[in-house]
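Visitor: This structure is in structure tokens; I'll ask about it shortly.
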Amino acid sequence: RFGHDKSLSLRLTPFSQGGWNTVYVQNAVARTQVPSTLIGLIKQRRRWINSTVVNMVILLRHVHRLKALPLLLALGIELISSFTLPTAMILLLYDLAITAGLHATVSLAIVILWIVIIMTLSLTTRIEQVAYWFHVSSIISATAIVLFIILMIQNYEKFIHKGWLELVVLLSWFGIIIVSSIIHRQWFSVLGVVAPVAWLLLCPTMYIVVPLYAVCNFDDLSWGTRGA
């Protein structure tokens, strides 16, 4: 109903008195269709975010067994993070701007104006009709990330005590991809190192623009992709 397989899987398990067990099947083959455009990605993520919120609430109401307490805690944290991540990303960008020497009032005004524009477009117009502005938003925010990275390199003494953990996580991501490719002898998989770079550049879009669009279109029950 809500387009989320997580709800179906968990409601079949003993945790929710469904009477079924789920097991890992090593030779299972799964196929899916992935969006090939930014607008398609935003529409897909809109469905995922909204269905995640709805299904988390449903699951928290149906799962009552004590042994499922770790599961309930994990679901609760995931539900809360759906709302806290956008705020954290906005504060991070604002903090980076201040640390880089930009005026606090100007930085805050730019962030607020950006959010207002995205929300206005999301509430009043179909995304296909304003695709240009979402592309522009993504390009500008990605460019801002690149500029911040350059500023961090030039002023590493100011940033190292704030961003060392994020740097460790990002480098570890690179390392895991490379090591996994070597272990499994899938040499072309080394090209997967572009994934952390793409994630970094799309962080403002994925953690600010997409959640805002999803909230503004919470009443949209369409599939979002596959022509619907």
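Visitor: What's the total number of residues in the range 87-97 that are of a type in the set (Val, Ile, Thr) and exposed (fewer than 13 other Cβ atoms within 10 Å of the Cβ)?
Guide: Step one: filter the range 87-97 for residues of a type in the set (Val, Ile, Thr), giving 87, 90.
Next cut, exposed (fewer than 13 other Cβ atoms within 10 Å of the Cβ) only: 87.
Counting residues in the range 87-97 that are of a type in the set (Val, Ile, Thr) and exposed (fewer than 13 other Cβ atoms within 10 Å of the Cβ) gives 1.
Visitor: Shifting gears a bit: Based on what the data block shows, is Ile150 open to solvent by 70 Å² or more (accessible area, probe 1.4 Å), under 18 Å from the mean Cα position of the chain (by Cα) and free of Cβ contacts under 8 Å to residues at least 24 places away in the same chain?
Guide: Answer is no for this residue.
Visitor: Inside the range 176-201, can you point out the residues that are open to solvent by 100 Å² or more (accessible area, probe 1.4 Å), farther than 29 Å from Met89 by Cα and not aromatic (Phe, Trp, Tyr)?
Guide: If the condition is that a residue be open to solvent by 100 Å² or more (accessible area, probe 1.4 Å), farther than 29 Å from Met89 by Cα and not aromatic (Phe, Trp, Tyr), then Ile183, His184, Arg185, Gln186 are the ones that fit.
Visitor: Another one. I'm checking my understanding of the structure. Among residues of the range 1-44 that are in contact with a Phe, Trp or Tyr (Cβ under 8 Å, 6 or more places away or on another chain) and at pLDDT 80 or above, which one is nearest to Met206 (Cα to Cα)?
Guide: Of all residues in the range 1-44, those in contact with a Phe, Trp or Tyr (Cβ under 8 Å, 6 or more places away or on another chain) come to 3-4, 12-14, 38-39, 42.
From what's left, at pLDDT 80 or above: 38-39, 42.
Values: Leu38: 10, Ile39: 12, Ile42: 8 Å.
Out of the qualifying residues, it is Ile42.
Visitor: With respect to the numbered conditions (1) open to solvent by 80 Å² or more (accessible area, probe 1.4 Å); (2) farther than 20 Å from Ile49 by Cβ; (3) in contact (Cβ under 8 Å) with a residue 24 or more places away in the chain; (4) not hydrophobic (A, V, I, L, M, F, W, C), which one is the sole condition not fulfilled by Glu166?
Guide: (3)
Visitor: Would you tally the residues in the range 102-126 being touching a residue at least 40 places away in the same chain (Cβ under 8 Å) and either open to solvent by less than 40 Å² (accessible area, probe 1.4 Å) or among the small types (Gly, Ala, Ser) (or both)?
Guide: The number of residues fulfilling the criteria is 3.
Visitor: May I pose another question? May I ask you to list the residues in the range 127-146 that are in contact (Cβ under 8 Å) with a residue 24 or more places away in the chain and surrounded by 11 or more Cβ atoms within 10 Å (Cβ to Cβ)?
Guide: Let us first name the residues in the range 127-146 that are in contact (Cβ under 8 Å) with a residue 24 or more places away in the chain, namely 127-128, 131, 134-135, 137-138, 141-142, 144-146.
Answer for the range 127-146, where residues must be in contact (Cβ under 8 Å) with a residue 24 or more places away in the chain and surrounded by 11 or more Cβ atoms within 10 Å (Cβ to Cβ): Ile127, Ala131, Phe134, His135, Ser137, Ser138, Ser141, Ala142, Ala144, Ile145, Val146.
The values are calculated or read from the model by the stated rules, or taken from the named source; none is laboratory data. Note that the structure is a prediction, hence the values are computed from the model and not measured. A quick note on method: Cβ atoms are made from the backbone with ideal geometry, for glycine too, and the neighbour counts reach across all protein chains shown. For the accessible areas, the whole protein counts, side chains as well, though only heavy atoms, and no ligand, DNA or RNA atoms are used. Shrake-Rupley method; radii C 1.70, N 1.55, O 1.52, S 1.80 Å.
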